[in-house]
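**Q** This structure is in structure tokens; I'll ask about it shortly.
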Amino acid sequence: MAINLDAGTPAVSAARRSFSAWLALACLFAIALLLRHVLAANTDVSWLLTAGERVLDGGKLYIDVLETNPPMSILAYLPAIAMSRMMGLAAETVVDALVFIAIFASLTCCAVLLRQRVGLVGAYGWPLMLLAFAILAILPMQSFGQREHIALIALLPLLAALILRITAVAPPQSLAMAAGLGAAVTLTFKPHFALAVYVPLAVVGVVTRVSWRVLLLPEHLTAAAGGILYVAVTAIVWPEFFTEILPLLRDVYVPVKPSLMALLEKPAISLWAIALLAIVTLQRGRRLASTLLLLMATSAAFAAAFLLQGKGWPYQSYPAIALALFGLGFAMTQDNGASRSWRFGIGLLLLALFVRAMLWFDVAFDARPLQERVAQLGQKHPAILAITAEPGIGHPLTRAVGGTWVSRQQGLWIDTYLTVMRRNGMLDDVRAAAFESYAERERQRLIADIRRTPPTILIVDDLTGSASDWLKAHSDVASLLTDFQQVDTVNRVGIFTRRPSGG
């Protein structure tokens, strides 16, 4: 009996491809884990963990803990804090673990959804999945675990469901509702993210010609219900966000921002624009596939959110760049008539954009030299007070040395912002007098915080501001810190400790 040696070849080849794909995923995961150990902890995540711990310990958000963002910015980290306490692990470690779990869960949900449409990704399923994982787990660098990062992870299943809709396939209702819940999570972080939810919905409505009926899709109804419930709960449980924080943001936080031209000159915009231009160029005059159009529109929505926020910080541009890079990778899998050499060139461009974006997302205030010097003081569980508006001075330094943050807010930013507004002629006499109450309230809260938790280490920032001059101008605060002596200076940041008794 003859044996057909070719019969098993396709199965063997498929098994090898599958093994290679899983091995590649494992390698990417290892790189992502290594980055979590090499990179410094994120400033905002560190502060939000500190704020979350105070909330879990009974502190009232927006009263005992001051944060300029909606409640979800802190609520999102509470599970990690609770789990870290139960397991005796650092909260940062648990956050990283949960984010990785969320990445795998989101991509798995997307894969299950897209399998409903046979041939949608075809032979490029694994390459696209690996690209998506790299974009979610490696690309963020310092932005890993940030709100924008989590928001995009939560939104991806909705995009997968809408890709099915736009290709005339209805996803299972249970998966559609799960995707809607993810979109609801995205909506809760920042109001700007409504653009990233409703722009792709509008694209689906236009392409499929169902117009307003797209609002009746289960994924949208679930997202809308979640968003409305969140606003209602916020109004009931944290009314101070509307009565205290929003007016403060309107009057002080929002006006202080770079010009539109300065924002457009940020690396984020050029990276995003080059990626989208490459997509259009790769199509070489052909009509954009509806799936590609959806990805590009969502990326543009996040880019608009980046500009609307008006600060130009790297992490705020992450979703826009991430989707643009994935869109470019997806475009390379399409039948667009491009030659092999042309695709190779685009592939090199994608790699170059990926690496440059990693560098952009690694831009952060690095206070590790200061952290090392504070740690050398040998104080066990020090109470740390920083006179600064720069969040990176005190965070993650305080958590890294096992200390307690004295202030109820991330930094003394209100007085600094008002100073900028005065210097730039943004305040007339009437508004200056009215807004002075914000700075006065900030200072009185600081005084109360110092009396409640007397600091054992004082940090005075003359690097990013003039904290020494600020203390001289505000004797009510300085009088509480007269028993401190300077022990060192790191890059114009003074480190002070209390004088020994009788010294």
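The values are calculated or read from the model by the stated rules, or taken from the named source; none is laboratory data. Quick caveat, the model's predicted, so the values are computed rather than measured. We place every Cβ from the backbone using ideal geometry, glycine too, and count neighbours over all the protein chains shown.
**Q** Considering only the range 410-430, I want to know if a residue exists there that is touching a strand residue (DSSP E or B) at 6+ places or on another chain (Cβ under 8 Å) and either without any contact (Cβ under 8 Å) to a residue 12 or more places away in the chain or not polar (S, T, N, Q) (or both).
**A** yes
**Q** Name every residue in the range 444-488 that is without any contact (Cβ under 8 Å) to a residue 40 or more places away in the chain, touching a strand residue (DSSP E or B) at 6+ places or on another chain (Cβ under 7 Å) and among the polar types (S, T, N, Q), in order of residue number.
**A** Those that are without any contact (Cβ under 8 Å) to a residue 40 or more places away in the chain, touching a strand residue (DSSP E or B) at 6+ places or on another chain (Cβ under 7 Å) and among the polar types (S, T, N, Q): S468, Q485, Q486.
**Q** Looking only at the range 467-478, filter to residues that are surrounded by fewer than 16 Cβ atoms within 10 Å (Cβ to Cβ) and of a type in the set (G, A, S); which one of those is nearest to D366 (Cα to Cα)? Can you show your working first?
**A** Within the range 467-478, the subset surrounded by fewer than 16 Cβ atoms within 10 Å (Cβ to Cβ) is 468-469, 472-473, 475-476, 478.
Of the ones still in play, those that are also of a type in the set (G, A, S) are 468, 473, 475, 478.
Working: S468: 21, A473: 28, S475: 30, A478: 27 Å.
Restricting to residues being surrounded by fewer than 16 Cβ atoms within 10 Å (Cβ to Cβ) and of a type in the set (G, A, S), the top hit is S468.
**Q** Next question, about the same structure. Name the helices (runs of 4 or more DSSP H) wholly inside the range 392-463 in which the number of residues that are at pLDDT below 90 is 3 or more.
**A** Result: 429-452.
So that you can scan it fast, the table gives a plain yes or no per residue for (1) aromatic (F, W, Y); (2) modelled with pLDDT of 95 or more; (3) not assigned by TED's automatic domain parsing to the domain that holds P171:
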site	(1), (2), (3)
L5	no, no, yes
A26	no, yes, yes
A30	no, yes, yes
L33	no, yes, yes
L78	no, yes, no
I81	no, yes, no
F100	yes, yes, no
A111	no, no, no
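**Q** Taking the range 51-78 as the search range and keeping residues that are surrounded by fewer than 21 Cβ atoms within 10 Å (Cβ to Cβ), in contact with a Leu (Cβ under 7 Å, 6 or more places away or on another chain) and of a type in the set (V, I, T), which one is nearest to R399 (Cα to Cα)?
**A** V55
**Q** Next question. State the number of residues belonging to the range 464-497 that are within 21 Å of V374 (Cβ to Cβ), basic (K, R) and in a helix (DSSP H, G or I).
**A** Number satisfying all stated conditions: 0.
**Q** Could you pull out the residue among G122, G145 that is modelled with pLDDT under 95 and at positive phi? Before the answer, list the steps.
**A** Values: G145 fails: modelled with pLDDT under 95.
Answer to the check: G122.
**Q** Continuing with the same structure: Quick check on V185: is it among the hydrophobic types (A, V, I, L, M, F, W, C), part of a loop (DSSP other than H, G, I, E, B) and either surrounded by fewer than 22 Cβ atoms within 10 Å (Cβ to Cβ) or at pLDDT 95 or above (or both)?
**A** no
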